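Asks: The structure follows.
Bear in mind that the values in this text are calculations on the coordinates, not laboratory data. In this text the structure is predicted, and so the values were computed from the model without any measurement. Quick reminder, even Gly has a Cβ in these numbers, built from the backbone with ideal geometry, and neighbours come from all protein chains shown.
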Amino acid sequence: MDAVKQGFSFGTIIDVIYGLPLEERLELKGLLEHNIIEARRTEILRNGQEAKRAEKNNELMFSDNIETLKKML
């Protein structure tokens, strides 16, 4: 459930979190860290899959010439 979409402002959510006991805030911190790690893993996986697809379709360009590399940017 997206609390912001449910009508709670970000500031309200933060105030509620700050009002939680320390143990609950630590648990929330751990949950958020785990969620962020999983989101990054998913992002890395998608980027890797896209790179494999691009390589398979010969869409990647390589060069050891600095001027060519600059143009590729």
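Asks: Excluding residues on the same chain fewer than 8 positions from LYS71, give the aspartates and glutamates whose Cα lies under 18 Å from its Cα.
Replies: GLU59
Asks: Also: Rounded to the nearest whole Å³, what is the per residue volume of the convex hull around the Cα atoms of the chain?
Replies: Each residue corresponds to 187 Å³ of Cα convex hull volume.
Asks: Treating the angle as unsigned and between 0 and 90°, give the value, to the nearest 10°, between the Cα long axis of helix 22-56 and the longest Cα principal axis of the chain.
Replies: The two axes meet at around 20 degrees.
Asks: Check the straight Cα-Cα distances from LYS29 and name the aspartates and glutamates below 20 Å, setting aside those fewer than 8 residues away within the same chain.
Replies: Straight-distance partners of LYS29: ASP2, ASP15, GLU38.
Asks: Quick one: net charge of ALA51's neighbours, Cβ under 15 Å, K/R +1, D/E -1?
Replies: Net of charged neighbours comes to 0.
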